[in-house]
Amino acid sequence: MCGYPASFDWTFSAVKGRMPRELLSRRPHTHHALDDAVEQAELMSNLMLWQPPRPWNSRSDPVRSGL
């Protein structure tokens, strides 16, 4: 289910350099299979827990929209 970069990701230009910093693993990238697998797992965990920032506008702001 998770494998970065999976072949379908290439068509969407999903690269680590364009990801929000809070999603990336804090581990060094060593190019060792076990280390890379742990790094991938941490990336996936961060992605599953991530709540992206909501775009601000009057409809998403309960104070300005009168809700």
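Can we say L24 is modelled with pLDDT of 80 or more and not β-branched (V, I, T)? So L24 fits the description; yes. Please determine, by comparing only the residues of the stretch 29-57 that are touching a helix residue (DSSP H, G or I) at 6+ places or on another chain (Cβ under 9 Å) and surrounded by 10 or more Cβ atoms within 10 Å (Cβ to Cβ), which one is modelled with the lowest pLDDT. Per the criteria, the residue is H29.
The values are calculated or read from the model by the stated rules, or taken from the named source; none is laboratory data. These figures come from a predicted structure and were not determined experimentally. With ideal geometry, Cβ positions are generated from the backbone for all residues, glycine too; neighbour counts draw on all protein chains shown.
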